[in-house]
Amino acid sequence: MFNEKIKKVSPSMDQWLKEAKSHVEALQEGMFLVHNGVVRQTPKVKVRQGIDDGSLVNGMEFSYDAAKVDEAIAETYKMEGIFHVRAWLNEGHLELGDDIMYVLIGGDIRPHVIDALQYLVEKIKSQCVTEIEQKL
């Protein structure tokens, strides 16, 4: 069910941006956006649906389907004006404040990059991962 590996070391965004800017496509890019999802104490149902059962999150079990993530990245590359897409996902038992994922999108103009970031993060969160909050 869940990968029992120890959580991964988070990537360096400075390094990711340096690598992205070294590609030929970078000459067409006018913007990069980074998403960094982290484990929060507030339960998802309270934040998303306004349901407050009084519980607090103290950790999370997290796993993902790498093939589905790769497919979502490939789909994002097909979006207008997008030239760079990169994603990193953690796994295993995560604690409060731990990084869940990083996504980097590079593209020609702000609307294209914003749309691609929203698309990819939503696709990953809704179709590629399993998150089980551990509550107090």
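Take Asp52 and decide whether it is touching a helix residue (DSSP H, G or I) at 6+ places or on another chain (Cβ under 6 Å), farther than 30 Å from Lys21 by Cα and not polar (S, T, N, Q). So Asp52 fits the description; yes. Screening Leu96 against (1) closer than 21 Å to Ile132 by Cβ; (2) surrounded by fewer than 18 Cβ atoms within 10 Å (Cβ to Cβ); (3) at pLDDT below 95 leaves a single unmet condition, (3).
Within the stretch 29-51, residues that are more than 30 Å from Arg110 (Cβ to Cβ) reach partners that are surrounded by 13 or more Cβ atoms within 10 Å (Cβ to Cβ) and among the hydroxyl-bearing types (Ser, Thr, Tyr) with beta carbons closer than 7 Å, at six or more positions or on different chains, in the pairs Pro43/Ser55. If you take the residues of the stretch 99-136 that are of a type in the set (D, E, K, R) and over 24 Å from Lys46 (Cβ atoms), which of them is surrounded by the fewest Cβ atoms within 10 Å (Cβ to Cβ)? Applying the filter and picking the extreme gives Arg110.
With the condition kept exactly as written, say whether any residue in the stretch 104-116 is assigned to a loop (DSSP other than H, G, I, E, B) and on the phi > 0 side of the Ramachandran plot. Checking the stretch 104-116: not a single residue is assigned to a loop (DSSP other than H, G, I, E, B) and on the phi > 0 side of the Ramachandran plot.
The values are calculated or read from the model by the stated rules, or taken from the named source; none is laboratory data. As the structure is a computational prediction, the values presented were derived from the model and not from experiment. Glycine gets a Cβ as well: all are built from the backbone with ideal geometry, and neighbour counts include every protein chain shown.
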